[in-house]
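**Q** Please see the structure below; I have some questions.
The values are calculated or read from the model by the stated rules, or taken from the named source; none is laboratory data. As the structure is a computational prediction, the values presented were derived from the model and not from experiment. Please note: Cβ atoms are built from the backbone with ideal geometry, for glycine as well, and neighbour counts cover all protein chains shown. Just the protein is used for accessible areas: all its heavy atoms, side chains included, with ligands, DNA and RNA removed. Shrake-Rupley method; radii C 1.70, N 1.55, O 1.52, S 1.80 Å.
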Amino acid sequence: MELQKKIDSTFESRFGGHGAVYASAGRINLIGEHTDYNGGFVFPGAIDKVIMAEIRPNDTDTVRVFSIDIDEYTEFGLNEADAPKQSWARYIFGVCREILKRGGNVHGFDAVFAGNVPLGAGLSSSAALESCFAFAINDLFNNNQIDKFELARIGQSTEHNYCGVNCGIMDQFASVMGKAGHLMRLDCRSMEFEYFPFCPENHSLVLIDSRVKHELADSPYNKRRASCERVAKRLGIETLRDADMDMLNAIKTDITAEDYFRAKFVIEEKERVLTVCDALVNGDYETVGRCMYETHAGLSKDYEVSCEELDYLNDVARECGVTGSRIMGGGFGGCTINLVENDKMDKFVEEAKKRFNEKYGHEPKVYPVVISDGAHKVCEATH
Ligand code: GLA
């Protein structure tokens with residue numbers, strides 16, 4: 001409510017009157033990291049942290065937009081040559097362009113937005129921003145004719161073509177399709193997905209944010225993806241979804257050690273998603289937790305997307321008897337996701353804060369996870 005009030009009053013003072021309000025969520029991912037662009041499975045859910053925007057068509061061909069959090073205003077046209085310089089505005093421009101490229105309608109609008117998805121924490125604030133605007137533009141100018149999957153693809157293409165991140169589909173998918181109380185298992189090859197009720201007995205999820213910032217653009221993220229694609233090509237398959245360890249071992253001497261370990265992680269990780277889904281249905285949290293620790297080890301040692309601070313948080317979790325813990329998201333900083341027995345939660349959080357502070361000179365942030373709805377309209381312009 002606070003967020004909406006802030007947006008409402010800023011919109012009124014900048015543009016006068018009101019627009020419709022939309023929101024889209026950040027996400028967590030229980031397991032299945034770096035598998036999306038390899039045609040594998042992921043297991044994300046939307047969270048109760050959102051980007052929210054108030055938007056109103058302005059009968060011009062100019063988009064005028066103010067970011068409350070960055071305290072910056074910009075305006076841009078809708079042609080390719082009109083791309084704004086500010087990186088935050090490129091997400092919105094990219095969404096407009098990608099909709100136009102697909103034959104959809106976009107006209108000028110006035111917008112104010114803000115959010116409470118922590119930036120650079122691996123919770124997909126950028127996907128939330130893209131999905132919020134894609135959802136709004138679909139509602140305002142396209143009679144909701146663009147299907148929700150396509151909205152997610154529009155966000156993904158925005159990352160590829162306007163933001164320099166060669167990401168998979170997971171973040172935008174989760175941000176658009178999320179459903180309160182449910183995780184979603186998505187097969188990133190067929191794009192079939194299933195909602196899984198998520199209400200673990202005696203356990204809760206908590207995120208511990210190292211506050212080490214990650215920047216995926218021009219980053220090792222794209223290099224990880226390139227490694228996987230090289231190995232798939234060498235194996236003569238489209239993606240590593242179709243690879244197994246025997247196939248990989250058979251070409252071990254033809255590829256670099258680095259590419260070998262990247263592919264090994266992906267092959268192991270895609271199996272772990274299926275194991276965790278089954279275990280969750282059976283209430284077998286021990287297996288869920290073991291897989292999470294295995295994922296962390298793989299992301300740290302084989303995929304090399306962890307960092308000292310996150311490895312430390314993982315060690316602390318293990319020492320506190322946390323059921324499962326791992327680095328979450330693209331990596332290179334951000335959060336660990338932890339599955340914790342409820343009666344161990346307070347002690348773990350306290351210990352993680354204290355020990356991390358002693359070692360790195362600042363406390364990590366702590367976010368309890370509430371699985372929530374994805375992109376939606378908050379209210380009409382007449383509010
Ligand atoms: C980032 C990307 C996603 C996915 C994850 C790693 O969040 O945007 O597509 O690849 O990293 O699982």
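Every residue, every condition in (1) under 30 Å from ARG225 (Cβ atoms); (2) modelled with pLDDT under 95, yes or no:
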| position | (1), (2) |
| --- | --- |
| GLU319 | no, no |
| GLY333 | yes, yes |
| THR336 | yes, no |
| LYS344 | no, no |
| GLU351 | no, no |
| PHE356 | no, no |
| LYS359 | no, no |
| ILE371 | yes, no |
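**Q** How about region 322-342: which of its residues are assigned to a strand (DSSP E or B) and either open to solvent by 10 Å² or more (accessible area, probe 1.4 Å) or without any contact (Cβ under 8 Å) to a residue 12 or more places away in the chain (or both)? Lay out the reasoning, then the answer.
**A** Kept after step one, since they are assigned to a strand (DSSP E or B), are these residues of region 322-342: 324-327, 335-341.
GLU341, the sole residue that qualifies.
**Q** Checking the condition modelled with pLDDT of 95 or more and away from the ligand (no atom under 16 Å from the Cβ), which residue from GLU54, GLU33 passes? Working first, answer last.
**A** On the way: GLU33 fails: away from the ligand (no atom under 16 Å from the Cβ).
Just one listed residue meets the conditions, GLU54.
**Q** Please name all residue pairs, on different chains or six or more residues apart, with Cβ atoms under 6 Å, provided the first residue is in region 343-355 and is of a type outside the set (Ser, Thr, Tyr) and the second residue is assigned to a helix (DSSP H, G or I).
**A** Cβ pairs passing all conditions: ALA352/VAL316; ARG355/VAL316.
**Q** What single numbered condition from (1) open to solvent by 30 Å² or more (accessible area, probe 1.4 Å); (2) touching an Asp or Glu at 6+ places or on another chain (Cβ under 6 Å); (3) within 15 Å of the ligand (Cβ to nearest atom) fails to hold for LYS213?
**A** (2)
Conditions tested, residue by residue: (1) under 18 Å from ALA152 (Cα atoms); (2) in contact with a helix residue (DSSP H, G or I) (Cβ under 6 Å, 6 or more places away or on another chain); (3) open to solvent by less than 50 Å² (accessible area, probe 1.4 Å).
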| site | (1), (2), (3) |
| --- | --- |
| TYR22 | yes, yes, yes |
| ILE31 | no, yes, yes |
| ILE51 | yes, yes, yes |
| THR60 | no, no, no |
| VAL63 | no, no, yes |
| PHE76 | no, yes, yes |
| LYS85 | no, no, no |
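**Q** Would you mention how many residues in region 99-131 are away from the ligand (no atom under 16 Å from the Cβ), open to solvent by less than 30 Å² (accessible area, probe 1.4 Å), touching a Ser or Thr at 6+ places or on another chain (Cβ under 9 Å) and closer than 23 Å to GLY164 by Cβ?
**A** 2
**Q** Right, another one. Select, from VAL273, VAL266, the only residue that is under 19 Å from THR35 (Cβ atoms), touching a Gly at 6+ places or on another chain (Cβ under 6 Å) and open to solvent by less than 60 Å² (accessible area, probe 1.4 Å). Break it down into steps so the answer makes sense when it comes.
**A** On the way: VAL266 fails: touching a Gly at 6+ places or on another chain (Cβ under 6 Å).
On inspection, the qualifying residue turns out to be VAL273.
**Q** Which one of these is basic (Lys, Arg), surrounded by fewer than 16 Cβ atoms within 10 Å (Cβ to Cβ) and part of a strand (DSSP E or B): LYS354, LYS359, LYS377, LYS347?
**A** Exactly one residue qualifies, and that residue is LYS377.
**Q** Return only the number of the condition from (1) among the hydrophobic types (A, V, I, L, M, F, W, C); (2) touching a strand residue (DSSP E or B) at 6+ places or on another chain (Cβ under 9 Å); (3) within 15 Å of the ligand (Cβ to nearest atom) that LEU140 does not satisfy.
**A** Going through the list (1) among the hydrophobic types (A, V, I, L, M, F, W, C); (2) touching a strand residue (DSSP E or B) at 6+ places or on another chain (Cβ under 9 Å); (3) within 15 Å of the ligand (Cβ to nearest atom), LEU140 breaks only (3).
**Q** Pick from PHE93, PHE43: which is at pLDDT 95 or above, open to solvent by less than 10 Å² (accessible area, probe 1.4 Å) and away from the ligand (no atom under 16 Å from the Cβ)?
**A** PHE93
**Q** Determine if region 243-257 includes at least one residue that is surrounded by fewer than 21 Cβ atoms within 10 Å (Cβ to Cβ) and within 16 Å of the ligand (Cβ to nearest atom).
**A** No; the residues of region 243-257 include none that is surrounded by fewer than 21 Cβ atoms within 10 Å (Cβ to Cβ) and within 16 Å of the ligand (Cβ to nearest atom).
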